[in-house]
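A quick write-up on the structure given underneath.
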Amino acid sequence: MGAVFGRPIPAAIGIDEVKAAIGRELPRVGMPAEAVIEQLAEAIEPGLMASQSGRFFGWVMGGTYPVALAADWLVSAWDQNAGMRDATPGVIAAEELAGEWLLQLLGLPGDADVGFVTGATSANFVGLAAARQHVLEQAGWDVNQDGLSGAPRIRLIAGAERHGAIDLAARYLGLGAATLVPVDRHGRISIAGLARALSEGSGPAIVCLQAGNIHSGAFDDFAAASALCRAAGAWLHIDGAFGLWAGAAPGLRHLTAGYELADSWATDAHKTLNVPYDCGVAIVARPTAMHTAFGVHASYLLTPEAGADPFEKVPEMSRRARGVPLLATLRWLGRDGVEALVAGLAENAATLAAELSELPGVSILNNVVFTQVCLVMADDTATLAVGARLHEQGLVLASPSRWHDRAVLRFSVSNWATDAGEVRATVDAVRAALPPD
Ligand SMILES: *Cc1c(COP(=O)(O)O)cnc(C)c1O
């Protein structure tokens, strides 16, 4: 860890250099295992970014808790196929418990079903696949049997600042482009606009809301939206890749008010909870729709008493037991620890924003309600220059992005290793990256 925290955060070398260091040709003769691992470590490490650092704020990523990493190693060493309940009861039990604990922690319906996927992109896909199944069934159409050709058109409705993962899921599912509803200056869907969009058509509808806008951190108004969805018979899905975790912290829970009324949710454990990659979670309040969409049997009129097999909840059959690191992290933190983690990330974001905004020429573009902070300078050129100097210094990694038609530097406070000292060091680094006056 010390080595990671001391090194520059961006990668020092590029793809071609790493390939050259590994060697471009596969030799005829193999190499001893230890030597392979040593060579990989040496060749690849300079091409890594230090995402474990408390000054890493790139994209929305988070780091890794040691306990989660250790559990992930167990999963690899056990090499269990987590697809079937009867075959590998050890890891299935751990994943089912992780799912139950997560529902309790977030205050989501206890009879919802949970599927473990690679990330929130897949989790959104699972939610929308269950949604497609359900709304078409309500319209008298069996999509498994009859496909989409000739099916009633599904109206997919989302906020203008939805994450691209929603568009991907819609594409995979043949739903076409979403009807986009305008958002307010925080990126929250307009409730009047949603009401209008729902009233403009008829037939099956799916509404996608967001818990955590990647630029502002803002949350849609779930209570108001869910009432509209219920009245219109629309399925309500929430993309909460990083923001769903606000529901685990009493001081932030107001942001998620009403989210429990949705039909499906997508989140990641590899972002806010600081579990290693490959840990997304799909939650569906109507398990039959999920099992009908993903089970290999055409229909689940009778849900098996013992519970569905994991492969009937997600697109994969064979997969690693990726829910185990989630269980380990929840067990290690306890409810209090999860609360402290999530509240701490938001507090650090608020402090970072407050201190950055004191620097000459710096403004914060968003209302910092959760973990996201968008820094702007007087104009785009100045903002980009600060970003470039920060990157050169290598002490802090923030993501250059565009929001409100402006260049912004986005700090996503998602890493457990960010503490008050790292916040101070970050502000110092940004000060040093400002243009000389
Ligand atoms: C990160 C993110 C996603 C995609 O999640 P992956 O884990 O990268 O697949 C979707 N929605 C939002 C809001 C995100 O922040």
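Whether any residue in segment 249-268 is at positive phi, more than 16 Å from the ligand (Cβ to nearest atom) and either not in a loop (DSSP other than H, G, I, E, B) or not charged (D, E, K, R) (or both) is what I want to check. Within segment 249-268 (the criterion being at positive phi, more than 16 Å from the ligand (Cβ to nearest atom) and either not in a loop (DSSP other than H, G, I, E, B) or not charged (D, E, K, R) (or both)), the answer is yes, since at least one residue qualifies. Among the conditions (1) in contact with a Phe, Trp or Tyr (Cβ under 8 Å, 6 or more places away or on another chain); (2) part of a strand (DSSP E or B); (3) within 12 Å of the ligand (Cβ to nearest atom), the only one that Thr272 does not satisfy is (2). Is there any pair linking a residue in segment 7-31 that is touching a residue at least 60 places away in the same chain (Cβ under 8 Å) to one that is surrounded by 15 or more Cβ atoms within 10 Å (Cβ to Cβ) and polar (S, T, N, Q), with Cβ under 6 Å and at least six apart or on different chains, and which? The qualifying pairs are Ile9/Ser53.
Taking the conditions exactly as written (open to solvent by 60 Å² or more (accessible area, probe 1.4 Å) and in a helix (DSSP H, G or I)), does Arg171 satisfy them or not? Yes; evaluated as a whole, the condition is true for this residue. Can you list residue pairs whose Cβ atoms sit under 9 Å apart, with the first residue in segment 203-217 being in the same structural domain as Ala131 (by TED's automatic domain parsing) and at positive phi and the second being surrounded by fewer than 24 Cβ atoms within 10 Å (Cβ to Cβ) and assigned to a strand (DSSP E or B)? Count only pairs 6 or more apart in sequence or on different chains. As it stands, the answer is Gly203/Arg155, since those pairs meet every condition given.
Residues in segment 144-159 include none that are within 16 Å of the ligand (Cβ to nearest atom), of a type outside the set (D, E, K, R) and at positive phi. His291 meets all of the listed conditions (1) in contact with a His (Cβ under 9 Å, 6 or more places away or on another chain); (2) open to solvent by 30 Å² or more (accessible area, probe 1.4 Å) but one, namely (2).
One residue stands out in segment 83-133 among those that are in a helix (DSSP H, G or I) and of a type in the set (D, E, K, R): the one that is least open to solvent (accessible area, probe 1.4 Å), namely Glu95.
Can you tell which of Ala177, Ala218 is modelled with pLDDT of 95 or more and away from the ligand (no atom under 13 Å from the Cβ)?
Numbers: Ala218 fails: away from the ligand (no atom under 13 Å from the Cβ).
Unique residue meeting the criteria: Ala177.
Among the candidates Ala378, Ala354, Ala343, the residue that is closer than 23 Å to Gly212 by Cα, open to solvent by 40 Å² or more (accessible area, probe 1.4 Å) and modelled with pLDDT of 95 or more is uniquely Ala354. Look at segment 114-143: where a residue is not assigned by TED's automatic domain parsing to the domain that holds Glu95 and near the ligand (Cβ under 9 Å from one of its atoms), no partner that is of a type in the set (Asp, Glu) and open to solvent by 10 Å² or more (accessible area, probe 1.4 Å) sits 6+ places away or on another chain with Cβ atoms under 6 Å.
The values are calculated or read from the model by the stated rules, or taken from the named source; none is laboratory data. Computed from a predicted model, the values in this text were never measured in an experiment. We place every Cβ from the backbone using ideal geometry, glycine too, and count neighbours over all the protein chains shown. Ligands, DNA and RNA are stripped out before the accessible areas are found, and what is left, the full protein with its side chains, is counted by its heavy atoms. Shrake-Rupley method; radii C 1.70, N 1.55, O 1.52, S 1.80 Å.
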